[in-house]
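Here the structure comes first, spelled out in structure tokens, and everything after it is commentary.
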Amino acid sequence: MSTLNIIWSALISDPIKTIGAFTSTGALIIGWMNLKKDTTKVSVVVKRAHNGPLILQRPQQEFLLFEIYNQGISPVVINQVGIRLPRKNSNKTKLINLYKNKFINLVDLPYSYLDMRGQESAIGTLECVGVPGTVPAKSTGIFLLDYSRMRETSIAYQQKSMSPKNAEFVGSQRAIKAFQEFQNLEMPQGKRLQITPYVLTGSGEKITGKKTIITLGNLGDAIAYEYYS
């Protein structure tokens, strides 16, 4: 007997009970969908870090601060933090090919990623947690990238020959590639950086933030430029 026939037979034999069962099932499905929606309210922003002892003691260093806001009612695991690269168009032979979005994961990037877990006060933030890791409900996760150090590391790696068998080889290639991609996102004269942040959750969901313009250079000059612009 088909599913449709089974439903029809149930409606004939006991219509009130059958309709009630369908109503309850529908309510459960809608409730589950709403609960899932409510528990995954995560957003991410990136900006030039300008608070805390670590930042203020090194005004020449360019630190980028990623902030992950968990506005949901359940903890969220953050496994990756990074940037999304813009799509590229190719009109060779009058055809337009759209390449899929590429993502650069900055977690564990050699000499550039700063593990802030347990060190949140170093950048003047107390009520937050360092990521990657679990961000509690109604809380903020932070991730800090030393952009100046990433530039220096990439240049240093490019200037020395390294065997693929070297333990640092994979990390060196990550550092070089990451900075090259960042360079492509620098605006004219290299004074500003236009990037789009993203995070990858433990459930495999990629969440992208808004495109942001970061002012580079000395911290004081950067703050002044952003204040008066």
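FYI, it's all coordinate maths here, none of it is from the lab. Only a predicted model underlies this, so the values are computations on that prediction, with no experimental measurement involved. So basically every Cβ, Gly included, is an ideal-geometry build from the backbone, and we count neighbours across all protein chains shown.
Taking the Cβ of residue 128 as the center, what net charge do the other residues with Cβ under 9 Å away carry, scoring Lys and Arg +1 and Asp and Glu -1?
-3
Once each part is reduced to its C-alpha centroid, what is the distance from segment 190-229 to segment 114-143 in angstrom?
18 Å
Would you mind checking the pairs 177/210; 47/191; 102/160; 102/138; 47/177; 102/211 and listing those with alpha carbons more than 20 angstrom apart?
Long pairs (Cα-Cα over 20 Å): 177/210; 102/160; 102/138; 47/177.
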